[in-house]
1. Under the condition of being part of a loop (DSSP other than H, G, I, E, B) and touching a strand residue (DSSP E or B) at 6+ places or on another chain (Cβ under 9 Å), which residue from the range 277-302 is farthest from Ala326 (Cα to Cα)?
2. Return a yes/no flag: does the range 269-280 have any residue that is surrounded by 17 or more Cβ atoms within 10 Å (Cβ to Cβ), among the hydroxyl-bearing types (Ser, Thr, Tyr) and touching a helix residue (DSSP H, G or I) at 6+ places or on another chain (Cβ under 9 Å).
3. If you take the residues of the range 44-58 that are surrounded by 12 or more Cβ atoms within 10 Å (Cβ to Cβ) and of a type outside the set (Val, Ile, Thr), which of them is farthest from Ala359 (Cα to Cα)?
4. Any residue in the range 36-59 that's of a type in the set (Val, Ile, Thr): show its pairings with residues that are surrounded by 14 or more Cβ atoms within 10 Å (Cβ to Cβ) and assigned to a helix (DSSP H, G or I) at Cβ separation under 6 Å, as long as the two are six or more apart or on different chains.
5. Return yes when Glu218 is touching a strand residue (DSSP E or B) at 6+ places or on another chain (Cβ under 7 Å) and modelled with pLDDT of 90 or more and no when it is not.
6. So is Ala153 at pLDDT 95 or above, over 25 Å from Ala57 (Cα atoms), touching a strand residue (DSSP E or B) at 6+ places or on another chain (Cβ under 9 Å) and small (Gly, Ala, Ser) or not?
7. Would you call Gly264 within 25 Å of Val285 (Cα to Cα) and either modelled with pLDDT under 90 or in contact with a Lys or Arg (Cβ under 6 Å, 6 or more places away or on another chain) (or both)?
8. Please count how many residues of the range 38-58 are of a type outside the set (D, E, K, R), part of a helix (DSSP H, G or I) and over 28 Å from His122 (Cβ atoms).
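The values are calculated or read from the model by the stated rules, or taken from the named source; none is laboratory data. No experiment lies behind these values; they were computed from the predicted model shown. Cβ placement follows ideal geometry from the backbone for every residue including glycine, while neighbour counts extend to all protein chains displayed. In case anyone asks, the SASA skips ligands and DNA or RNA and just uses the protein heavy atoms, side chains included. Shrake-Rupley method; radii C 1.70, N 1.55, O 1.52, S 1.80 Å.
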Amino acid sequence: MIVSLDGGLPGLLEQLREVRTAGNVPLVLDPRWSAEYRDSMVSAAASAQIPEGTAWATLTSGSSGSPRIVLRTAASWRDSFAAVSEFLGGSGTESVALPAPASSSLTLFSLAHALDGGPTPHPHITPETDALHGTPQALCAALEAGTPPRLRAALIGGSHLDPALRERAEAADIRVTAYYGAAELSFVAYDDGAHPGASPHEGPGLRAFPGVEVEIREGNELWVRSPYVALGYAGSAGPLRRDGAWATVGDRAEIIGGRIRLLGRADDAILSASATIVPEEVEAVLRSIPGVRDAIVFGLPRERVGALVATMLELEPESGETPELARIRELASARLATAHRPKRWFRGQIPRTASGKPARAEVLRSVLAGEAAHLGS
């Protein structure tokens, strides 16, 4: 059966050990939930029919929607521990910081790794921290607070890693490995950056994670054949689909020169008049503009055209209280096709899911509610 645990209480690692030793399936809840929502998740977990071999239950909500319970075997995580250990610095790594909530699959994976002999986990970075497994925001916070003397490796997932942030980390002698994955698929691809003396096939860009095969099918849909794929869901269905040994969650990508370029989830596409806009492509351009730390692009519903392309910008602190919207728009217009240029501009701190992914649904809600700072049209 699924046993729900409070992710905000001390002694979580030992509780996980006890649940697994008893042959049950742990599910870590987010302490930030309301009591009503927490009760609904506990009830859903308690009534779920779980298949034989289920060892872990994780939560995923992607970039929108309510969390789903994902079920997976012990092997679907354990088989990747050796590769992850190398990314975290090898056998000399004794401790790993896990700043993301324990309810996220990113952190729960590392807790499972710790139970299997992996680095000792800590919720915060300390002077004794050897490695970090977290989001780009966690890496940025670590650098801004002053790099711990023993921190030498960072495994970064959850959302886009700004190349400038990688450069800052590497300048501090931290080896950075970014990865793409999903709660249902676990690790899919990784990028350990370009290093002096590397051969061409070792250059930057995402390539398949050890043990994973990838292929692109109709509509640029990314499919994987992997030992790390989850069993399925408890209760409500989700985006995981299978075709024999292959699986997908609907993410889109292309493979260029042996490297995987992500194009986002198909259902995130914005239909504006007669054009189809992929948000991730516009976001990549906006992030390249000086002063823009991050950007999220979304569709703002409008009659006749379907949706207007809109964006929320997270600006660098040094860009000042009054951003130069005219300059940002000028650079964006020079780099984007007309249909892809944002028509509505907002400023704010981009809300994120527990795993660090931009929460598109929350951005749209805040804009429609008039809570977001409007920069203009």
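1. By that ranking, first place goes to Val278.
2. yes
3. Residue satisfying both the conditions and the ranking: Gly53.
4. Here the result reads Thr58/Ser105; Thr58/Leu108, each pair linking the range 36-59 to a residue that is surrounded by 14 or more Cβ atoms within 10 Å (Cβ to Cβ) and assigned to a helix (DSSP H, G or I).
5. Considered against the rule, which asks whether it is touching a strand residue (DSSP E or B) at 6+ places or on another chain (Cβ under 7 Å) and modelled with pLDDT of 90 or more, Glu218 comes out as no.
6. Yes: the conditions hold for Ala153.
7. Working: within 25 Å of Val285 (Cα to Cα): yes; either modelled with pLDDT under 90 or in contact with a Lys or Arg (Cβ under 6 Å, 6 or more places away or on another chain) (or both): yes.
Judged against the criteria, Gly264 is a match.
8. Qualifying residue count for the region: 5.
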